[in-house]
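Here's the structure, in structure tokens; my notes come after.
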Amino acid sequence: MKLWGGRFAKETAELLEEFQASITFDQSLAHYDLLGSMAHVRMLGKIGVLSPSETEKIINGLQELASEIEAGQVDFSIKAEDIHLNIELLLTEKIGGVAKKMHTGRSRNDQIALDLRMYVKDQITNLQELLINLLTTLVDLADQHHQAIMPGYTHLQIAQPVTLGHHLLAYAEMFKRDYERLQDCLRRVDVLPLGAGALAGTTYPLDREMVARELGFSRVSENSMDSVSDRDFVIEFLGDLALIMMHLSRFCEEIIFWASQEVDFIELDDAFSTGSSMMPQKKNPDVVELIRGKTARVYGDLITLLTMLKGLPLTYNKDMQEDKEALFDGVNTVSACLRIFIPFLKTIVFKKEKMKAAAGKGFSNATDLADYFVQQGLSFREAHHLVGQLVNYCLAKERVLTDLSLQELRQFVPQDLPVEETVFTILQLENVVKRRSTYGGTSPEQVAKAVQRMRDFLATLRK
Ligand code: ARG
């Protein structure tokens, strides 16, 4: 007999039984469901809806059940549909009829909203922990490489030299915002929906504040209909996860580029690379390709939730059961990606000589030459044009700007413009990066300061 079967004259079709069951995936919420039930029952005891002995019996039963489930000794049943009804049935088998009082003043609609919010809160903490590890790794690498010179690109064409530390800290900034976004999301997740009942509230004098305190929620929800019908907190969270993946994916794309034979800026560790079944020479960056690929899944999870909810009338609709697999998939994917990406990143060997040599190509110091001409009296537009001509001249001769003689340089500029030997010092890559010393710039000095700021930020999180 179904727990809701009173008005039904026929057995549920087996096909429907299987079709509608969510126990295969919502069993991962068992822990939260049990904690939620315990808090609810204690509160029912306190307001006198349950007697002290009933309360004790149910709580003890739930605690036993919790250890059995933890130990993997419990078989859930498709016939009992979802995690909520499974637990109620298992409890009834264990302690008898009194178990049926547990659901007083509660609906599965506010119950699932509670379980999901508890799950998301925990996952925010777990993912933030991983992001802190990633940030620590990045800041250590940036510190180590704050002077190493590499090409900076726009349009994937060499633009200006930057320091490797600066490049790595750009990602640290992105992941820092991801961390903060999760923190901000938490404020809206951290709201207790229990007490909403099926949709309208309940006739029992529930002490919602007590349940909130017991379960560690900062607030109780304001509107019972909203409590059971929205999943915006899941969408917001998945949006945050999609952004983490987007940042990871861009980073991965760069690592793939850096590891290519043509670029050859890095060597990947054998332990984190894979081979080809046919081509014996191959060493492939599968880790980063997979992370780039899995980004698609997380975007899909976000779109699943957005699409699932968009046409639903208030309040609860069974469509909403489809929220869980997408949410779990998003969480599992992001945490698996972060878990492997961090040790992978630590083992990358940066070929600093190659990076610097590449920065010496592509006329990455051309802007500095233009700036020099400006300092000597030209307008920036004139200087820009002149340096363009010099670049063309060098290209034809397969040389770079620092290969030119002072004589050659002087031939290109107006007669009265003073061009001195110091111009070649200015054009050296070390000086090109050193002089970009505005706050947030790429100079080693600024990067060292940025490393310190990031370390200070991380220190505030550990307090
Ligand atoms: N398994 C359901 C879900 O995941 C729980 C809520 C069911 N409520 C209901 N009235 N059928 O959404």
For VAL387, all conditions in the list (1) in contact (Cβ under 8 Å) with a residue 24 or more places away in the chain; (2) among the β-branched types (Val, Ile, Thr); (3) farther than 30 Å from ALA259 by Cα hold save one; what is the number of the exception? (1)
Would you be able to tell me the number of residues in segment 116-155 that are part of a helix (DSSP H, G or I) and either of a type in the set (D, E, K, R) or at positive phi (or both)? 6
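Which members of segment 142-155 meet the condition of being in contact (Cβ under 8 Å) with a residue 60 or more places away in the chain and either surrounded by fewer than 21 Cβ atoms within 10 Å (Cβ to Cβ) or more than 27 Å from the chain's Cα centre (by Cα) (or both)?
ASP143, GLN147, ALA148, ILE149, MET150, PRO151, GLY152, listed by residue number.
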Can you run down the residue pairs with Cβ atoms below 6 Å, 6 or more apart or on separate chains, where the first is in segment 100-111 and assigned to a helix (DSSP H, G or I) and small (Gly, Ala, Ser) and the partner is at pLDDT 95 or above and away from the ligand (no atom under 11 Å from the Cβ)? none
Exception for ARG187 within (1) out of contact with any helix residue (DSSP H, G or I) (no Cβ under 9 Å at 6 or more places or on another chain); (2) in a loop (DSSP other than H, G, I, E, B) falls at (2)
How about segment 315-345: which of its residues are within 14 Å of the ligand (Cβ to nearest atom) and either without any contact (Cβ under 8 Å) to a residue 12 or more places away in the chain or out of contact with any Lys or Arg (no Cβ under 8 Å at 6 or more places or on another chain) (or both)? THR315, TYR316, ASN317, LYS318, ASP319, GLN321, GLU322, LYS324, GLU325, ALA326, LEU327, PHE328
Hits in segment 427-447 - residues which are assigned to a helix (DSSP H, G or I) and either buried (at least 16 other Cβ atoms within 10 Å of the Cβ) or among the polar types (S, T, N, Q) (or both): LEU427, LEU429, ASN431, VAL432, VAL433, LYS434, PRO444, GLN446, VAL447
For segment 79-88, give me the residue count where each residue is at pLDDT 95 or above, in a helix (DSSP H, G or I) and either acidic (Asp, Glu) or farther than 18 Å from TYR32 by Cβ (or both). 1
Residue match in segment 356-369 (condition: surrounded by 15 or more Cβ atoms within 10 Å (Cβ to Cβ), among the basic types (Lys, Arg) and in a helix (DSSP H, G or I)): yes
Take segment 288-330 and flag every residue that is closer than 30 Å to ILE266 by Cβ and not hydroxyl-bearing (Ser, Thr, Tyr). VAL288, GLU289, LEU290, ILE291, ARG292, GLY293, LYS294, ALA296, ARG297, VAL298, GLY330
Of everything in segment 201-221 that's assigned to a loop (DSSP other than H, G, I, E, B) and within 29 Å of the chain's Cα centre (by Cα), which residue is farthest from LEU312 (Cα to Cα)? GLY216
Tally the residues that are away from the ligand (no atom under 16 Å from the Cβ) and closer than 16 Å to ARG117 by Cα, restricting the search to segment 196-208. 1
Test set (1) in contact with a Lys or Arg (Cβ under 7 Å, 6 or more places away or on another chain); (2) under 24 Å from GLU445 (Cβ atoms); (3) in a helix (DSSP H, G or I) - ILE158 fails condition number: (3)
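Residue-by-condition table, conditions (1) within 16 Å of the ligand (Cβ to nearest atom); (2) among the acidic types (Asp, Glu); (3) farther than 18 Å from GLY97 by Cα:
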{"position": "GLU11", "(1), (2), (3)": "no, yes, yes"}
{"position": "LEU16", "(1), (2), (3)": "yes, no, yes"}
{"position": "SER37", "(1), (2), (3)": "yes, no, no"}
{"position": "HIS40", "(1), (2), (3)": "yes, no, no"}
{"position": "LEU44", "(1), (2), (3)": "no, no, no"}
{"position": "SER51", "(1), (2), (3)": "no, no, no"}
{"position": "THR55", "(1), (2), (3)": "no, no, no"}
{"position": "GLN63", "(1), (2), (3)": "no, no, no"}
{"position": "ALA71", "(1), (2), (3)": "no, no, yes"}
Only residues that are in a loop (DSSP other than H, G, I, E, B) and either hydrophobic (A, V, I, L, M, F, W, C) or within 22 Å of LEU3 (Cα to Cα) (or both): list them for segment 69-78, please. ALA71, VAL74, ASP75, PHE76, SER77
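Answer yes if at least one residue in segment 438-458 is on the phi > 0 side of the Ramachandran plot and at pLDDT 95 or above, and no otherwise.
Checking segment 438-458: at least one residue is on the phi > 0 side of the Ramachandran plot and at pLDDT 95 or above.
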Please list, ordered by first then second residue, the pairs with beta carbon atoms under 9 Å, 6 or more apart or interchain, first in segment 22-44 and among the acidic types (Asp, Glu), second within 13 Å of the ligand (Cβ to nearest atom) and outside any helix (DSSP H, G or I). ASP26/ASP82
Got at least one residue in segment 288-311 being within 16 Å of the ligand (Cβ to nearest atom), surrounded by fewer than 13 Cβ atoms within 10 Å (Cβ to Cβ) and part of a loop (DSSP other than H, G, I, E, B)? no
Is segment 335-350 home to any residue that is surrounded by 18 or more Cβ atoms within 10 Å (Cβ to Cβ) and over 25 Å from the mean Cα position of the chain (by Cα)? yes
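The values are calculated or read from the model by the stated rules, or taken from the named source; none is laboratory data. As the structure is a prediction and not an experimental result, all values here were calculated from the model. Cβ atoms come from the backbone with ideal geometry, glycine included; neighbour counts cover every protein chain shown.
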